[in-house]
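A.B. asks: The structure's right below; bear with me while I get my questions together.
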Amino acid sequence: MIRIFRLLFFPLLIFSQEISIGNERLNKLNLGDLEYVSLGKVIKALNGSLWRAGNRVVCVVPDSGETAEKEMVFTLDSSWALVGGEMVRLTSPVIEQEGSILFPVLSLKEVFPQIKEEIKEVISVTSSVKRDTAFYFFEISPPGNFYLRQLSSLSYEVIISARFLLSDLPAKGIVREIKIDRGDDETRFIFYFKKPGQAKGTKREEGILFKFFPTQPRERNLLIVLDPGHGGKDPGAVGKLGTREKDLNLAIAKKLAQRLERAGYRVLLTREKDEFVSLKERVDFANKNKADIFISIHNNASRENPRAVGFETYFLAEGRTDLERAQALKENEVLKLEENSNPFLNDELSLILSDLAQTEFLKESEELACAIQDAADAYLGLANRGVKQAGFYVLRGALMPAVLVEGGFLTNRREEKLLRQEKTQEKIAEAIFRGVKNFLLSYEKKIAGER
């Protein structure tokens, strides 16, 4: 039996520490820059019902549309919700704190349209600049909320819960351009920067103050050396369709370099064209330039198992399995093409010293490998072959965290077709970039303390 509800509209009034829905007054919780309210109390104020199944929260409320009821499903610690059968992204995740399920205030109107909010309006905007730092103060009546999110090192998104009827904003200081998307009851701004920067927002009694400032420069930007495997007389693996690994490695390395440079890192490649570079020259290049991390980029092959597929990441250590040792032998075969066939094995002392040098960075190399592999697993869509260890000569002697990635299998016909597509190459580069960025969040702090 369908229950018929009389359609009610509840005015939403937001005070400094309270929210009023109809006759109900709910306490607002400030968690950092985010504002939350008890989901259970919101549902109660709307004459709805709520129950929980594991980390899922199901709510049913009277609908403001054509149906009598609307069902919503929220997942704890997720910003995605199923609302009336459609996926909706919230401004911040639904969370649980001390047994209470909390909902982001800025998403109330979108999810519960029957809540009518008192219209807010930006009365004025005052802007100023000090050196490269830009300040924008939004006077809002009545006081409104905001949402601030970094899109990249060169852009931020700002959402203000107020309509904006003023003219365009002037770009000042670090701010290069401001785009405005006006809505009836909220306004979205994109602030684009001239150089990498950050932003902070602070609620004041009469409005919101935003500060946009350059990222604090380091003594020098981190240097990342990318090593496109093989090249010149060494084609690497060759697929059934004629795809040469050396070309694929270089294409991915260049795409990855573009992403890293846009993020503010310095990048050098051990080769930028189709040329032969010995394994020793590659690692010497990284050491001579005092690289902070070293990434050797390869793609895989398995003549014994043409069904083999997937992405894997290696760091330098003695291989634990026959497969890991076999992989090291395959990549080290290039030593046969070098004039001084094996610079490490010809000098036992050099071999010992190079292993000791990399041992110093063993933990960081493993962490970098894990970060890249995790990012690839979450984003790439190729099979996850995991993090492995093997004795690659190209990693020996590297005086920094060093890893070798294997993007996919050229000996698998389906995967070779994928690897030939520029879209797949872009995705591999993006996956490695995300992993590197996640690793550097903690590693940068460590090396900054050493300088």
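The values are calculated or read from the model by the stated rules, or taken from the named source; none is laboratory data. This one's a predicted model, so the numbers in the text were calculated from it and none came from an experiment. Glycine also receives a Cβ, built like all others from the backbone with ideal geometry; neighbour counts cover every protein chain displayed.
A.B. asks: Considering (1) crowded, with 21+ Cβ neighbours inside 10 Å; (2) modelled with pLDDT under 95; (3) not hydroxyl-bearing (Ser, Thr, Tyr), say which one Asn438 fails and leave the rest.
C.D. replies: (1)
A.B. asks: Scanning for something basic (Lys, Arg) and without any contact (Cβ under 8 Å) to a residue 12 or more places away in the chain, does segment 85-99 turn up at least one residue?
C.D. replies: yes
A.B. asks: Can you pull out the helices (runs of 4 or more DSSP H) entirely within segment 245-342 that have at least 3 residues that are among the acidic types (Asp, Glu) and modelled with pLDDT of 90 or more?
C.D. replies: Output list reads 245-262.
A.B. asks: If I filter segment 119-134 for residues that are under 28 Å from Leu46 (Cβ atoms), over 24 Å from the mean Cα position of the chain (by Cα) and exposed (fewer than 14 other Cβ atoms within 10 Å of the Cβ), do I get at least one hit?
C.D. replies: yes
A.B. asks: Kindly provide the set of residues from segment 96-116 that are surrounded by 19 or more Cβ atoms within 10 Å (Cβ to Cβ) and in a strand (DSSP E or B), ordered by number.
C.D. replies: Ile101, Leu102, Phe103, Pro104, Ile115
A.B. asks: Looking at (1) out of contact with any strand residue (DSSP E or B) (no Cβ under 9 Å at 6 or more places or on another chain); (2) part of a strand (DSSP E or B), which one does Asp227 not meet, given that it meets all the others?
C.D. replies: That leaves (1) as the condition not met.
A.B. asks: Could you list all residues from segment 119-159 that are within 14 Å of Leu209 (Cβ to Cβ) and among the basic types (Lys, Arg)?
C.D. replies: Lys130 - this is the single residue of segment 119-159 that is within 14 Å of Leu209 (Cβ to Cβ) and among the basic types (Lys, Arg).
A.B. asks: Moving on. If Gly183 satisfies all but one of (1) at negative phi; (2) touching a Gly at 6+ places or on another chain (Cβ under 8 Å), what's the number of the condition it fails?
C.D. replies: Only one criterion is unmet by Gly183, namely (2).
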